[in-house]
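*Asks:* One structure, as structure tokens, below. Some questions next.
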Amino acid sequence: MFKKILIANRGEIACRVIQSARKMGISTVAVYSDPDNNACHVEQADEAVRIGAAPATESYLLKEKIVQACQQTGAEAVHPGYGFLSENSAFSEALEQAGIVFIGPGTRAIEAMGDKITSKLLAQRAGVNVIPGHTEVVKDANEAIEIADTIGYPVMIKASAGGGGKGMRVAWNDDECGDGFERATNEAISSFGDGRIFIEKFVEQPRHIEIQIIADAHGNVVTLNERECSIQRRHQKVVEEAPSPFIDEVTRAAMSKQAKALAKAVDYRSAGTVELIVDAQRNFYFLEMNTRLQVEHPVTEMITGFDLVELMIRVAAGEKLPISQEDVGINGWSIESRIYAESPFRNFLPSTGRLVKYQPPEENELVRVDTGVTEGSDVSMFYDPMIAKLVTWGNTREEAITSMQHALDQYYIRGVETNQPFVSAIMAHPRFQRGDLTTNFIAEEYPDGFSTAALPSADTDVLIAALASIHQRRASRAGTITGQIPGYGRLISPEWVVMLDREAHRVAVSGEAGRWVVDYGEQKYVVEDQWQLTEAVFMGSVNGVPVNIQIEKQGNGYHIVYRGKHISALILTPHNADLYRLMPIKEAPDMSGFLLSPMPGLLVSIEVESGQSVKSGEVLAVIEAMKMENSMRAEREVVVAKVLVKPGDTLEVDQPILEFEPGN
């Protein structure tokens, strides 16, 4: 077994590999770019080596730097994680030439399966079902349109290299095909240094199902069931689960058989994933094979009990798999939510900055948090915006969902916006709870984007009861502060008016800390908790039902987060509530005459000039953030008055880019 390994990655996956290596008694080496010098993976590793500047092309994608770091530290093997160099055959070869073991498949498998065009041809020869399409490299946008017209819309435009939703576009007509080709090519070059594009038929109403495999160098291949990855936005997975609520035993067996055949066809070893598209009749087609550890591997670990990273390391060290197919079962259900630094209310645009407050839920047998950040960490514009993977387990799917809802309520993050409200909405969505999923779920259920109106209705009675008890505790404490003049101490009112977004609810509170009784309407609510005033998350129960509410004191009121909803609350005496109703509401300034940057990022181009008339839908500017290009389009007919920035500028959120003529 190896004595020391290097992790050629960053963030949560680097921390995840370090965790398994430490359990196995293996020393670890981290590598880092300049902004990552104080990152969690650097602190957790036994050694760390700087490899370059912030852009991945100047650090994490430099295979020569990784090899040098191995030689410098004496690392015998490299675990690549996912992304970056994890599926780069030249990197694997460079390590081999230096006498360093690559903890992953052989070069042949990486080249064959890492290239979507080649892998599709190999899959056909191995007897695996494939999607109809054009497997040659597309030269330009015009050829892309010609091919799409031949295949028939809709089509999927895909980068041959890489994954993770980068370099992928669905096109429904010629205009979308031409624009999609350009955007996919640019993203592929930026993310993978490989701009090759191919096109295939887009299967409508599809599910995204993948089979996890693990294989050794002794001819043993084992499949570890399937994962359902259909909840996606822009081809980027958001929620994954294992097993799938749709796949039956017969389909699972057929998928596993084909996955094994493909693995054996390329002499595969290590962990890998065969990704499939499944239609409503459970017909399945090969999509691609990821020759690496998947982001969503924890759900497989949760239902099988196997440590995939450990198995990868053992296989790379030449050991036989310690498990057989008969050892693989399905124990309960697991769900993973990817927590991203992005704003769901701004069309999911990235949010960068410092995590000024960071408190994940407590981990136990039901909750697991894979992360690479801590309080004070920076979310940089240079890398993927994923903060963590929140994973829950239950005996049933319903229990796993409930555990996820409670964990999301407890996950306290401030300093950047996150997609927690969106994930909370998905968990509460009746269609998701039924397991009625396709990769179009988000587009179909949120056709106009995500807004506060799309959030599920919070249990107002529960919130009111909990808030009343919280405020009563705070008021009781204030009334017992020493130094008050005898006979003039603060009187604690048992009656309050709870204002939720200016809607009034009158309550009466009795009891004491730990057990309060709240009279609201004609009902009594018993609130039990061990909450302290300094804690950011209230964890207790209302009438025996567990409740988790994020709560912050703001002036005379509170800011609370519950089930994804951000709610302003004010708790007043009845007299003060009457006066409050007379207070005017301050309106926000009108910025409709400007194009504002919806995200922090790099301004790639300005597509208009001063004095130009622009029609609705025309591109105004292109912004790059987190390696994704985003086109800013006109929402109505306008005339550009001024261009306020220039290409190459770094933009902040809500920074004006263009000013429009008055009346537009």
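The values are calculated or read from the model by the stated rules, or taken from the named source; none is laboratory data. Keep in mind that what you see is a predicted model, and the values were worked out from it rather than measured. Cβ sites come from the backbone with ideal geometry, for glycine too, and all protein chains shown count toward neighbours.
*Asks:* Name the pairs whose Cβ atoms lie under 7 Å apart, with the first residue in the stretch 539-565 and assigned to a strand (DSSP E or B), the second β-branched (Val, Ile, Thr) and at pLDDT below 90, and 6 or more positions between them or separate chains?
*Replies:* Close Cβ pairs (under 7 Å, with a partner that is β-branched (Val, Ile, Thr) and at pLDDT below 90) amount to Ile560/Ile567.
*Asks:* Could I ask something else about it? Identify the residue in the stretch 341-368 that is of a type in the set (D, E, K, R) and over 20 Å from Glu552 (Cα atoms) and, among all such residues, is surrounded by the most Cβ atoms within 10 Å (Cβ to Cβ).
*Replies:* Only one residue fits best here, namely Glu342.
*Asks:* Here is a further query. Name the single residue, out of those in the stretch 46-61 being in a loop (DSSP other than H, G, I, E, B) and among the small types (Gly, Ala, Ser), that is surrounded by the most Cβ atoms within 10 Å (Cβ to Cβ).
*Replies:* Going through the qualifying residues, I end up with Ser59.
*Asks:* Another question, then. I need the full set of residues from the stretch 122-179 which are polar (S, T, N, Q) and either farther than 21 Å from Phe192 by Cα or in contact with a Ser or Thr (Cβ under 6 Å, 6 or more places away or on another chain) (or both), in order please.
*Replies:* Once the filter is applied, which keeps residues that are polar (S, T, N, Q) and either farther than 21 Å from Phe192 by Cα or in contact with a Ser or Thr (Cβ under 6 Å, 6 or more places away or on another chain) (or both), the stretch 122-179 yields Gln124, Asn129, Asn142, Thr150, Asn173.
*Asks:* If you don't mind, another one. I want to confirm something. Restricting to the stretch 345-365 and keeping residues that are in a loop (DSSP other than H, G, I, E, B) and out of contact with any helix residue (DSSP H, G or I) (no Cβ under 9 Å at 6 or more places or on another chain), which single residue is nearest to Leu408 (Cα to Cα)?
*Replies:* Checking each candidate, the answer is Glu363.
*Asks:* Check the stretch 557-574 and report whether any residue there is among the β-branched types (Val, Ile, Thr), modelled with pLDDT of 90 or more and under 34 Å from the mean Cα position of the chain (by Cα).
*Replies:* yes
Residues checked against (1) surrounded by 15 or more Cβ atoms within 10 Å (Cβ to Cβ); (2) at positive phi; (3) touching a Pro at 6+ places or on another chain (Cβ under 8 Å):
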| position | (1), (2), (3) |
| --- | --- |
| Phe382 | yes, no, yes |
| Thr418 | yes, no, no |
| Phe432 | yes, no, no |
| Ala453 | no, no, no |
| Asp459 | yes, no, no |
| Ala466 | yes, no, no |
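*Asks:* For the stretch 110-157, give me each residue that is out of contact with any helix residue (DSSP H, G or I) (no Cβ under 6 Å at 6 or more places or on another chain), crowded, with 19+ Cβ neighbours inside 10 Å, charged (D, E, K, R) and assigned to a helix (DSSP H, G or I).
*Replies:* Lys116, Lys120
*Asks:* May I pose another question? For the condition closer than 30 Å to Leu121 by Cβ, part of a loop (DSSP other than H, G, I, E, B) and either in contact with a Gly (Cβ under 9 Å, 6 or more places away or on another chain) or not assigned by TED's automatic domain parsing to the domain that holds Arg269 (or both), what is the one hit in Phe91, Phe84?
*Replies:* Phe84
*Asks:* Of all residues being within 23 Å of the chain's Cα centre (by Cα) and in a loop (DSSP other than H, G, I, E, B) in the stretch 26-39, which is nearest to Val369 (Cα to Cα)? Just the residue, please.
*Replies:* Only one residue tops the list, namely Ala39.
*Asks:* Please find, among Gly99, Gly133, Gly83, the residue that is within 24 Å of Ala217 (Cβ to Cβ) and either modelled with pLDDT under 95 or of a type outside the set (S, T, N, Q) (or both).
*Replies:* Of the residues listed, the single one that is within 24 Å of Ala217 (Cβ to Cβ) and either modelled with pLDDT under 95 or of a type outside the set (S, T, N, Q) (or both) is Gly99.
*Asks:* Kindly list the number of the only condition in (1) surrounded by fewer than 22 Cβ atoms within 10 Å (Cβ to Cβ); (2) more than 25 Å from Arg397 (Cβ to Cβ); (3) in contact with a Ser or Thr (Cβ under 6 Å, 6 or more places away or on another chain) that fails for Arg292.
*Replies:* Of the numbered conditions (1) surrounded by fewer than 22 Cβ atoms within 10 Å (Cβ to Cβ); (2) more than 25 Å from Arg397 (Cβ to Cβ); (3) in contact with a Ser or Thr (Cβ under 6 Å, 6 or more places away or on another chain), the odd one out for Arg292 is (1).
Condition check ((1) surrounded by 24 or more Cβ atoms within 10 Å (Cβ to Cβ); (2) under 22 Å from the mean Cα position of the chain (by Cα)) across all residues:
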site	(1), (2)
Met1	no, no
Met24	no, no
His41	yes, yes
Lys63	no, no
Val67	no, no
Ile100	no, no
Pro105	yes, no
Arg108	no, no
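*Asks:* Right, here's the next one. Does Phe284 meet the test of being aromatic (Phe, Trp, Tyr), buried (at least 20 other Cβ atoms within 10 Å of the Cβ) and closer than 25 Å to Met156 by Cα?
*Replies:* Yes, satisfied.
*Asks:* Sticking with this one: For the stretch 378-396, give me each residue that is modelled with pLDDT under 95 and more than 17 Å from Val299 (Cβ to Cβ).
*Replies:* Step one: list which residues in the stretch 378-396 are modelled with pLDDT under 95, which gives 378-386.
Asp378, Val379, Ser380, Met381, Phe382, Tyr383, Asp384, Pro385 - these are the residues of the stretch 378-396 that are modelled with pLDDT under 95 and more than 17 Å from Val299 (Cβ to Cβ).
*Asks:* Within the stretch 189-223, how many residues turn out to be more than 20 Å from Ile277 (Cβ to Cβ), of a type in the set (A, V, I, L, M, F, W, C) and touching a Ser or Thr at 6+ places or on another chain (Cβ under 8 Å)?
*Replies:* Residues in the stretch 189-223 being more than 20 Å from Ile277 (Cβ to Cβ), of a type in the set (A, V, I, L, M, F, W, C) and touching a Ser or Thr at 6+ places or on another chain (Cβ under 8 Å): 3 in total.
*Asks:* Kindly indicate which of Glu187, Glu204, Glu200 is assigned to a loop (DSSP other than H, G, I, E, B) and modelled with pLDDT under 90.
*Replies:* Glu204
*Asks:* For residues in the stretch 576-599 being of a type in the set (Gly, Ala, Ser) and touching a strand residue (DSSP E or B) at 6+ places or on another chain (Cβ under 8 Å), which is nearest to Glu637 (Cα to Cα)?
*Replies:* Here is the first cut: in the stretch 576-599, the ones of a type in the set (Gly, Ala, Ser) are 577, 588, 592-593, 597.
Remaining after also requiring touching a strand residue (DSSP E or B) at 6+ places or on another chain (Cβ under 8 Å): 577, 593, 597.
Values: Ala577: 45, Gly593: 12, Ser597: 19 Å.
Ranking the qualifying residues of the stretch 576-599, first place goes to Gly593.
*Asks:* Working only within the stretch 525-540, note down all residues that are in contact with a strand residue (DSSP E or B) (Cβ under 6 Å, 6 or more places away or on another chain) and surrounded by fewer than 15 Cβ atoms within 10 Å (Cβ to Cβ).
*Replies:* Ala536
*Asks:* While we're on this one: Within the stretch 367-396, track down each residue that is in a loop (DSSP other than H, G, I, E, B), without any contact (Cβ under 8 Å) to a residue 40 or more places away in the chain and not charged (D, E, K, R).
*Replies:* Correct list: Gly376 only.
*Asks:* Could you identify the single residue in Gln294, Gln232 that is in contact with a helix residue (DSSP H, G or I) (Cβ under 9 Å, 6 or more places away or on another chain) and not in a loop (DSSP other than H, G, I, E, B)? Working first, answer last.
*Replies:* On the way: Gln294 fails: not in a loop (DSSP other than H, G, I, E, B).
Residue meeting the stated conditions: Gln232.
*Asks:* I need the full set of residues from the stretch 608-644 which are surrounded by 15 or more Cβ atoms within 10 Å (Cβ to Cβ), within 31 Å of the chain's Cα centre (by Cα) and in a loop (DSSP other than H, G, I, E, B), in order please.
*Replies:* Residues satisfying the conditions are Glu618, Met626, Lys627, Ala634.
*Asks:* Moving to a separate point now. Which condition number does Glu659 fail, the rest of (1) farther than 30 Å from Ala56 by Cβ; (2) at pLDDT below 90; (3) among the charged types (D, E, K, R) being met?
*Replies:* It is condition (2) that Glu659 fails.
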